[in-house]
Each structure stands twice: as C-alpha cells, then as structure tokens.
Amino acid sequence: MFEAIIYNDRSRKTLVVFFFVVNALCRTVYSQQPAAITDSAGPIVKLPLIVVDSKNQSVDAIRKEELQVIESKVEQKILTVERDERPIDIAIAVDSSGSFRDLLPYAIESAKMLINDRRTGDEIFVEKFISSDKISTLQEFTTDRSALLLSLLRLRPEGGQSAVLDAIYVAADHLWKHKPDEDRRKVLIIITDGEERNSFYKAEDVMDFLHEKSVQVFPLAITSKLDGESGFIRQSPKEKAEKLLKKVAEESGGRVFYSKTPKQLGDGTDELISSLRTSFRLTFQSSNPSAIKGFRKIEVKEIPSGGDKHTIIAARGYFFTPAVSVSNKKPSQ
C-alpha cells in the first residue's frame, strides 16, 4: 500500500515534468515561425520632389500612380503626391572670391531676381563667401525685401582660396537651425564658379550633413571662365567644379544650372524659381522596420507609360531618427 502511494506520486511528478517540457517545446517552435507573422511597417517618409519634362522645364502635375519608390530593392507604398505649398527658408550664398570678380555683377542680378520673387511666408538670408575664414552673413533671415536688396550692395570681391564646400556647410547649418520646430522647406541657392580650393570640410562631410538636415541645394553655376584643359588622368578645374556642384545637387534633391552668358544665368534663375514654385511633396510608407538611426538610400522614378518621359528629381535617400520612447526618458530633477 505504501509502495503503491509512492509509485503514484512519482507518476504525477513525471506527468507534470512532461507537461512543462512539451509546453516549452511548443513555445520554442512558435517563436521560430517566419518574421512575416509579426512584421511591422517602417516610418512614414516625406520627400520634396521636382518633375522635369524632356525640354528641361518643371512640370506642375504628377500623380502617385505614375511614380515608384524603391528602398533596399523593395518597392514602397506611395501614400500621396501633392503640391508642396510650405513656406521656404532660403539661403542665397554668393561667391565673392577673386576668380569670380568679373562674374559677380551677374550673380548679384540673379540674387535680386530670387529676392523679388519671394512669397509672403518665405524668409531669406544672404551669405557672402570667399575662403574658410571669410564666410559671413550679410543679412539675417527676413521677409524685408528692401533689407535683402540693400545687403547685396556689400558684395565685393576679395582675395582668398575659394571654399565652396565650407560655404555650403555653413549656410546649410544656418538654415536647419532657423525655426526647426516648424514644417518649412530648407533651400540653399549658391551662385558660384564652383572652384573648390581649400575647404575645411570634405565633400563626404557636406553630403552627410545635407542628408541629415534635409537641405536642398540649387547651384547657379558660371564655370565658363575656369580652365577646361585636362590631362591624361587629371580633371580640369572646370570639370572638377561641375562634377562637385552636380553631386551636391543630386544628393540633396536640388537642380544645378550651368551658364556661359549673363542671359543663360537669368534663364537658369527663372527655371530655378519655377522649380521651387511647382515642387511636390511625396509621402510613402517605408517597409523597413529597423530602429537603427542613419541614412537610408532610395530611388524615385517614373513608371513608363509611353507618353512624354519625365525626369524625377528627389534626394538620394532620407535620414531616419527613431522616436524617443517615453519610458526611456530620464525623470526630471
């Protein structure tokens, strides 16, 4: 009798142990199911967008069904494409180095065109640049057209090693710090020959900064007076300048306009203004659920339809910053 009771008790313990083992195995198998079962969407991304036709003119209408967004080789879901009517913070950076002396009067005329076209909600600041230690703000952000135009009278050519990259970085930094809590576009228009001689910042630093701060760069470039002679393995100063300005524009989602004559510079300025006024804002749902901070490359392109082919201009990606969890915030002291 006593032995039978011991035997039954052991059987119960064995059954209990068996139950927990089976339960644990079931949980393990369930946890190893494909990630798609618990897959979550990534962030909502908003990008400025410019559409250009075969004549290199800005287009004022496009539908989301005509576009495709690719991230990590995966097509993304486009939510909306609408006209971008946000107010714009604009930096006008004017090259005042010695090599730009003869072209400075034409640059000033272009700057006047940009200022005179300012919309009610747009704010502009004017930057003068030569070398790294000669970058200055001639006029702080303002809506005062007269003050902006008067600041252009202080543009005078000076000697020094041209620092184009530093000028872009400084202007972009000033842009993103202006009204950071408001939903405003950030646009940098640089009028220059593009000859980079001695900047502190490297091209990679500038590209990374433009990506992170979502600043679009639109160079108005007059490179015709630069040396165009190249060697067997050496790019000419003109080629290097044009390559740099094209890279900055493409990476940031802006456009570059090359000019050989004052008239071409005026035409380029007109088209730049048109690009700003007919821009779109594309919103898509990323499929990347990663919470890792950093730059994510994308491609925005037109879906072929057999009609007029368009060029789609957008930044080469977006900078993702994960939201700060309330539970991770330190209590106030």
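List the residue pairs whose Cβ atoms are under 8 Å apart, where the first residue sits in the stretch 44-56 and is of a type in the set (Lys, Arg), the second is surrounded by 20 or more Cβ atoms within 10 Å (Cβ to Cβ), and the two are 6 or more positions apart or on different chains. As it stands, the answer is LYS46/LEU282, since those pairs meet every condition given. Any residue at all in the stretch 277-291 that's under 21 Å from SER58 (Cβ atoms), touching a Leu at 6+ places or on another chain (Cβ under 6 Å) and surrounded by fewer than 21 Cβ atoms within 10 Å (Cβ to Cβ)? Yes: the stretch 277-291 contains one or more residues that are under 21 Å from SER58 (Cβ atoms), touching a Leu at 6+ places or on another chain (Cβ under 6 Å) and surrounded by fewer than 21 Cβ atoms within 10 Å (Cβ to Cβ). All of LEU79, LEU67, LEU153, LEU165 fail the test of being of a type in the set (A, V, I, L, M), over 21 Å from the mean Cα position of the chain (by Cα) and at pLDDT 95 or above, apart from LEU153.
Among the candidates LEU165, LEU152, LEU138, which residue alone is of a type in the set (A, V, I, L, M), touching a helix residue (DSSP H, G or I) at 6+ places or on another chain (Cβ under 7 Å) and either outside the structural domain of GLY98 (by TED's automatic domain parsing) or free of Cβ contacts under 8 Å to residues at least 24 places away in the same chain (or both)? Explain how you work it out, then say what you get.
Values: LEU165 fails: either outside the structural domain of GLY98 (by TED's automatic domain parsing) or free of Cβ contacts under 8 Å to residues at least 24 places away in the same chain (or both); LEU152 fails: either outside the structural domain of GLY98 (by TED's automatic domain parsing) or free of Cβ contacts under 8 Å to residues at least 24 places away in the same chain (or both).
Every option except LEU138 fails the conditions.
Within the stretch 199-227, the residues that satisfy the criterion of being assigned to a loop (DSSP other than H, G, I, E, B) and under 25 Å from ALA111 (Cα atoms) are SER199, SER214, VAL215, THR223, SER224, LYS225, LEU226.
The numbered conditions (1) in contact (Cβ under 8 Å) with a residue 60 or more places away in the chain; (2) assigned by TED's automatic domain parsing to the domain that holds LYS77 are all true for GLY306 except (1).
Is there a residue in the stretch 252-273 that is at pLDDT 95 or above, within 14 Å of the chain's Cα centre (by Cα) and more than 25 Å from SER110 (Cα to Cα)? Scanning the stretch 252-273, I find no residue that is at pLDDT 95 or above, within 14 Å of the chain's Cα centre (by Cα) and more than 25 Å from SER110 (Cα to Cα), so the answer is no. Pairs linking a residue in the stretch 235-246 that is surrounded by fewer than 16 Cβ atoms within 10 Å (Cβ to Cβ) to a residue that is outside any helix (DSSP H, G or I) and acidic (Asp, Glu), with Cβ atoms under 8 Å and 6 or more positions apart or on different chains, are SER236/ASP227; SER236/GLU229.
Checking each residue of the stretch 159-175 against the condition of being assigned to a loop (DSSP other than H, G, I, E, B) and of a type in the set (D, E, K, R) gives no match. Of all residues in the stretch 77-98, those that are outside any strand (DSSP E or B) and either charged (D, E, K, R) or surrounded by fewer than 20 Cβ atoms within 10 Å (Cβ to Cβ) (or both) total 5.
The values are calculated or read from the model by the stated rules, or taken from the named source; none is laboratory data. Note that the structure is a prediction, hence the values are computed from the model and not measured. Using ideal geometry, Cβ is built from the backbone for each residue, glycine included, and neighbour counts are taken over all protein chains shown.
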